[in-house]
Amino acid sequence: MYHQGSRELQDRFSSRALADRLEEKLRRERFNDADAAFVAESPFFFLATADTEGRPDCSFKGGLPGFVQVAAPDELVFPDYDGNGMFRSLGNIAVNPHVGLLFLRIGEKPGRLRINGTARVDFEDPRIAEFAGAQALIRVTPTDIFPNCPRYIPRLELVEPSIYAPRPETPPVEPAWKDFDAFKDVVPPRRA
């Protein structure tokens, strides 16, 4: 879980023993029931990817709670929804499967769950139909799953889900920017 850069800083700040204990007690490679529940209740997470040269990209992914699922102890699944058409995250996954996911719980009992692993994009999976609005499924095989101390998460309140989050049997709401003069002539039609 740690590389030479981590170890040098751990030694500088005398935290190597603590880092080793945290890895020993908290890190795992398979999802447990608590992880699955944390993921299922999350209306968003952050996805970190990198291209073949290691240039990073971080993306916000959101939906209704349950849009991300722990499908098996060694697999997490989430949908790709219609977006801005740049495909930075999925493009990175296509050339470099290493990903990092950060789930946050806000409110009275804050929490964090970090998941590192490898991902693949699946356009043909029959389960796509189970995810309203999905145009692909991303499957993540974890290598490191670990909760993090939530002490720096501010107390926030989720007022309501985004009106753009796909919902079963509900036509999608298009964002206004897709009708701006600068973009409307190049916006592709939404795929079923």
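Of note:
- Accessible surface of the chain [probe 1.4 Å, protein heavy atoms]: carbon and sulfur percent: 54 percent
- Given 10 as the ceiling on other Cβ atoms within 10 Å, longest exposed-site-free region of the chain for trypsin sites (Lys or Arg not before Pro) in DSSP loops: 1-150
- Each Cα pair of region 93-192 feeds into the Kirkwood radius, which the Stokes-Einstein equation turns, at 25 °C and 0.890 mPa s, into a diffusion coefficient of 145 µm²/s.
- Modelled spin-label separation between Asp11 and Glu157, with each label point placed 7 Å from Cα along the Cα-to-Cβ direction: 5.0 nm.
- With the simple spin-label model, which puts each label point 7 Å out from Cα in the Cβ direction, the Ala176 to Phe123 separation comes to 3.3 nm.
- Region 4-116, accessible area per residue, ligands and nucleic acids excluded (1.4 Å, Å²): 57 Å²
- Per residue accessible area in Å² of region 120-192, where ligands, DNA and RNA are left out and the probe is 1.4 Å: 75 Å²
- When the chain is treated as a GNM with alpha-carbon contacts under 10 Å, the residue of Pro43, Pro65, Pro126 showing the greatest mean-square fluctuation is Pro126.
- Square roots of five times the Cα gyration tensor eigenvalues for the chain, Å: 32, 19, 17
- Radius of gyration and maximum dimension Dmax of region 13-96, Cα, Å: 15.8, 46
- Pairs of Lys in the chain closer than 26 Å at Cα, counting only those 8 or more apart or on different chains: 4
- Residue-wise HN-Hα coupling along region 163-171, computed from phi with Karplus coefficients 6.51, -1.76, 1.60 (Hz; x: Gly, Pro): 5, 8, 5, x, 10, x, 6, 10, x
The values are calculated or read from the model by the stated rules, or taken from the named source; none is laboratory data. All of these numbers come straight from a predicted model, not from anything done at the bench. Every residue, glycine as well, gets a Cβ built from its backbone with ideal geometry; the counts of neighbours run over all protein chains shown. Quick note on the areas: whole protein, heavy atoms, side chains included, nothing else; ligands and nucleic acids left out. Shrake-Rupley method; radii C 1.70, N 1.55, O 1.52, S 1.80 Å.
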